[in-house]
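A short worksheet on the structure shown next.
Rule-based calculations on the coordinates, nothing more; no lab input. All values reported here derive from a predicted model rather than from experimental measurement. With ideal geometry, Cβ positions are generated from the backbone for all residues, glycine too; neighbour counts draw on all protein chains shown.
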Amino acid sequence: MARLLHVDASPRRGRSRSNMVADRLIAGLDGHEVEQLALFDADLPAFDGAAIEGRYALIEGRPVDEAVRADWTAIGRMVDHFLSFDGWIMTVPMWNFGIPYRLKHYIDLITQPGLAFRVVDGQGEGLAAGRRAILVTSGALDIRPGGPMAAYDFQLAYLEAWLGFIGVTEIDAIHVRPTYGDEASVAAAMDRAYADVDALLSALSLPARV
């Protein structure tokens with residue numbers, strides 16, 4: 001049985017198109033354990049100047065304020081939690097051609113040297129290797145690869161680049177586009193996404209890490 005983390009980056013909960021599609025995916029993953037992380041409800045530590053300077057101080061063995069030390073202890077637990085899973089399902093609506101700020105905040109917190117990646121002989125090595133990510137991306141613009149608006153994609157392109165940086169090479173993407181327009185167009189987009197989910201479920205292999 002694989003353990004999967006559903007990272008929900010939409011504040012719309014049940015009204016979210018990406019979550020509707022993710023629900024179909026999760027329902028089809030018989031025999032797998034799925035935990036949800038709703039980022040708009042999560043308690044994410046601040047990632048500000050004090051936190052950044054505190055990170056350098058901790059690495060160098062210098063004293064830091066107890067509040068900063070507590071924040072970095074919490075961040076370390078977040079990274080451990082993220083890396084404890086065999087894979088991730090991420091529901092991500094497009095906001096202004098990119099990703100919601102809460103997801104960017106989460107990514108900034110967990111993508112730390114020595115925690116999610118390390119540098120070996122001058123090269124970065126991701127510490128999330130051997131796992132799989134399934135991205136359910138949605139948006140009002142139809143920016144699917146190969147389409148006339150594909151150049152506006154700073155959502156899927158960013159997520160794939162980030163996942164690759166932390167070592168994830170098995171990435172599947174389900175597109176829910178467009179989510180805005182006349183009723184028939186939106187219904188067709190949902191039907192395409194549901195069909196893509198069914199096709200992925202037929203081919204998907206999610207073995208637990210040994």
Relative contact order for the range 3-202: what is it in percent, counting Cα pairs under 8 Å that are at least 6 residues apart? 24
Looking only at the range 119-210, where both bridge partners belong to it, what percent of the DSSP beta bridges are antiparallel (to the nearest 5)? 20
With +1 on the Cβ of every Lys and Arg and -1 on the Cβ of every Asp and Glu, the dipole magnitude of the chain about its Cα centre, in debye rounded to the nearest 20, is 100
Return the calculated 222 nm mean residue ellipticity for the chain, to the nearest 500 deg cm²/dmol, obtained by summing -39500 (n - 2.57) across DSSP H runs with n ≥ 4 and dividing by the residue count. -12500 deg cm²/dmol
At 27 Å minimum axial length over the Cα atoms and a Kyte-Doolittle cut of -0.5, report the qualifying DSSP H helices in the chain, or say none. 183-203
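Can you list the GluC sites (Glu not before Pro) in the range 1-82 that are in a DSSP coil and have 13 or fewer other beta carbons within 10 angstrom?
Numbers: sites: 33, 35, 53, 60, 66; in loops: none.
Sparse-neighbourhood loop GluC sites (Glu not before Pro): none present.
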Taking the dipole about the Cα centre of the range 3-202, with the C-beta of Lys and Arg at +1 and of Asp and Glu at -1, give me whichever of 147, 194, 117 is farthest to the positive side. 147
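How many percent of DSSP beta bridges within the chain run antiparallel, rounded to 5?
So the antiparallel bridges in the chain amount to around 15 percent.
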Pair-distance profile P(r), taking every C-alpha pair of the range 3-202, with 5 angstrom steps and integer %: 1, 7, 15, 18, 19, 15, 11, 7, 4, 2, 1, 0, 0
With +1 on the Cβ of every Lys and Arg and -1 on the Cβ of every Asp and Glu, and nothing else charged, how large is the dipole of the range 119-210 about its Cα centre, in debye rounded to the nearest 20? 200
Considering every pair of different Cα atoms, what Kirkwood radius, in Å, is found for the range 4-76? 15.0
